[in-house]
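Q: Next up is a structure, given as structure tokens.
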Amino acid sequence: MHGGVAVEREKNEKKEPTGRKCLTCGNDMEFNPVTDGYFCTVCGRVDKPTVNGYEEDDYLSTGRIIAETTEETDKKCSGCGGVMNYDPHTKSLLCPFCGNAENLNLVSRGYKASENSFEKEKRRASRNWGFKTKTVVCDFCGGKTIYDYLKLSEKCPYCGSNQVTQVKSVETIAPGGVCPFLIEEYKAQKSFKAWIKKRWLCPREAKLNTKLKGMTGIYLPFWTFDTATASPFTATVTKSNKNENNPKSYYFGSSIIEILFGLGLFASENTVTVSGIHRQFFNDILIPASENHDSSILKRLEPYDTDNSLPYSPEFLSGFPAEQYSLGLDEAWETAQQSCTGKLSKSIKIRVNNENYTHSARNVKFKTAFYDVTFKYLLLPVWISSYVYKGEIYQFMVNGCTGKTAGKFPVSKIRLAAAVSLTVTLAALIAYFFLR
């Protein structure tokens, strides 16, 4: 079998180049007849077959999916020569001067960001952003942002300060995918107004007189992980024959005592230790790669449709800055494992209870092996803003894809006291009727 594969590879080595470029290192890829896919002999990247097939997909096969390195992201309008920006409404590049629009092939052709092997690619992931970048740090809040090298940075997108300084850029992994903006600024403002009106504890005056300090659209960095898991476990349960449907208790010829036990008229209990192996797959565990923002706010902005994220292209950043990640790949993976462990604990406990017809599972112990781990480095769109109420600044964010809003708001002491009083009263009434 191995000899046959070697012969096939020798035949392929003598063939003309396939014309397909590696999306990681840019070298020519070879066709593997065994997997019916392509592989790179330089960095080891493997591209599996797609639904449409490689031959039909000329855009992928020529490797043009990764934009060539240019001196600027600013796409010039073919009509008037003005700078075009990405428009969330039309999902295309739009000229603000003459209205000319240019479609993005990545959007119209339905491409998706690919998964990367964690072990193979974390050491050699692409550093090419598709344009010459510069890193700008805010002297006031410390936030780091990546801009086009030729763009002038007037203010910090996080706190609004104009005290920004260009610093020496550190080589970072370039994004592998992006969820483009789908919500324009005015829609984000509407989403915020609808959100603040539903905050019952927020003072009425704050809702009516909220004045935004302007909204900034920015791409924030996230890691996503896919992983398969296997968890050998043990647990202690208290089993009762009353909770078990044991058919043999109803067989003809059973004793009266067995029948009574089977019907649950007499219940017997015993504590036992159970064990097994729990297998579970996790898809797109989302880990924020920014330490400049409130993680609780970012969590409430979810979900993002990361399954349908597009391959990264610098055109999506036209008119929008992108934040540099501050949480590395290895640190993010540790956080993802902790998230999986918490979910596995609940899943295993539910499984043990279901399999043993009980609700008493306890002392659940398990050790998890993670394998077939893949990751994506994505840029996700967020509208960031803040407002002032009685001298205090309250920040909020809007999901740039769905319009979902989360943030901080002032709390009325009168309404809070009323809510606490109502809760205590209801608890007292429930206790009175159930315990009397």
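Q: Any idea which of LYS390, LYS349 is out of contact with any Ser or Thr (no Cβ under 6 Å at 6 or more places or on another chain), assigned by TED's automatic domain parsing to the domain that holds ALA289 and modelled with pLDDT of 90 or more?
A: LYS349
Q: Go through (1) modelled with pLDDT under 90; (2) more than 21 Å from SER385 (Cβ to Cβ) for PHE320 and report which single condition fails.
A: Every listed condition holds for PHE320 apart from (2).
Q: Among the candidates ARG415, ARG436, single out the residue that is in contact with a Cys (Cβ under 9 Å, 6 or more places away or on another chain) and modelled with pLDDT under 90.
A: The match here is ARG415.
Q: Have a look at TYR387, TYR357, TYR377 and point out the one that is surrounded by 12 or more Cβ atoms within 10 Å (Cβ to Cβ) and more than 31 Å from the chain's Cα centre (by Cα). I'd like the intermediate steps shown before the answer.
A: Values: TYR387 fails: more than 31 Å from the chain's Cα centre (by Cα); TYR377 fails: more than 31 Å from the chain's Cα centre (by Cα).
The unique qualifying residue is TYR357.
Q: With respect to SER161, determine if the residue is modelled with pLDDT under 90, of a type in the set (S, T, N, Q), closer than 23 Å to GLY400 by Cα and not in a helix (DSSP H, G or I).
A: yes
Q: Check ALA235, ALA228 and return the single one that is small (Gly, Ala, Ser), modelled with pLDDT of 90 or more, loosely packed, with under 15 Cβ neighbours inside 10 Å and not in a helix (DSSP H, G or I).
A: ALA228 is the lone residue from the list that is small (Gly, Ala, Ser), modelled with pLDDT of 90 or more, loosely packed, with under 15 Cβ neighbours inside 10 Å and not in a helix (DSSP H, G or I).
Q: Test ALA406 against the criterion of being surrounded by fewer than 20 Cβ atoms within 10 Å (Cβ to Cβ) and modelled with pLDDT of 90 or more, and give yes or no.
A: yes
Q: Now, a different point. Could you say which residue among PHE281, PHE222 is at pLDDT 90 or above, in a strand (DSSP E or B) and either surrounded by 19 or more Cβ atoms within 10 Å (Cβ to Cβ) or touching a Pro at 6+ places or on another chain (Cβ under 9 Å) (or both)?
A: On the way: PHE281 fails: either surrounded by 19 or more Cβ atoms within 10 Å (Cβ to Cβ) or touching a Pro at 6+ places or on another chain (Cβ under 9 Å) (or both).
Exactly one residue qualifies, and that residue is PHE222.
Q: Something else now. So which of ASN270, ASN363 ends up being at pLDDT below 90, surrounded by fewer than 19 Cβ atoms within 10 Å (Cβ to Cβ), in a strand (DSSP E or B) and in the same structural domain as PHE222 (by TED's automatic domain parsing)? Working first, answer last.
A: Details: ASN363 fails: at pLDDT below 90.
Answer to the check: ASN270.
Q: Tally the residues that are small (Gly, Ala, Ser), without any contact (Cβ under 8 Å) to a residue 24 or more places away in the chain and at negative phi, restricting the search to region 381-436.
A: 6
Q: Which of the residues that make up region 342-376 are β-branched (Val, Ile, Thr) and free of Cβ contacts under 8 Å to residues at least 24 places away in the same chain?
A: Hit for region 342-376 is ILE350, nothing else.
Q: Hey, another quick one. Quick check on region 58-72. Is at least one of its residues over 21 Å from TYR312 (Cα atoms), modelled with pLDDT under 50 and of a type outside the set (Phe, Trp, Tyr)? Before the answer, list the steps.
A: Restricting attention to region 58-72, the residues satisfying the condition of being over 21 Å from TYR312 (Cα atoms) are none.
No.
Q: Could you go through region 284-292 and let me know if any residue there is in the same structural domain as TYR219 (by TED's automatic domain parsing), in a loop (DSSP other than H, G, I, E, B), at pLDDT below 85 and among the charged types (D, E, K, R).
A: Yes: one or more hits.
Q: Also: Report yes if LEU327 is hydrophobic (A, V, I, L, M, F, W, C), surrounded by 15 or more Cβ atoms within 10 Å (Cβ to Cβ), assigned to a loop (DSSP other than H, G, I, E, B) and in contact (Cβ under 8 Å) with a residue 40 or more places away in the chain, otherwise no.
A: So LEU327 fits the description; yes.
Q: Is region 412-433 home to any residue that is in contact with a strand residue (DSSP E or B) (Cβ under 9 Å, 6 or more places away or on another chain) and surrounded by 12 or more Cβ atoms within 10 Å (Cβ to Cβ)?
A: no
Q: I've got another one for you. What residue, among those in region 298-314 that are hydrophobic (A, V, I, L, M, F, W, C) and not in a loop (DSSP other than H, G, I, E, B), is modelled with the lowest pLDDT?
A: Going through the qualifying residues, I end up with LEU310.
Q: Still on this model: Here are some conditions: (1) assigned to a helix (DSSP H, G or I); (2) in contact (Cβ under 8 Å) with a residue 60 or more places away in the chain; (3) surrounded by 12 or more Cβ atoms within 10 Å (Cβ to Cβ). SER339 meets all but one. Which one does it not meet?
A: Looking at each condition in turn, SER339 falls short on (2).
Q: Would you check if LYS207 is among the charged types (D, E, K, R) and touching a residue at least 40 places away in the same chain (Cβ under 8 Å)?
A: No: the conditions fail for LYS207.
The values are calculated or read from the model by the stated rules, or taken from the named source; none is laboratory data. Since we're looking at a predicted model, the values are computed, not measured. All Cβ positions, even for glycine, are placed from backbone atoms using ideal geometry, and neighbour counts span all protein chains on display.
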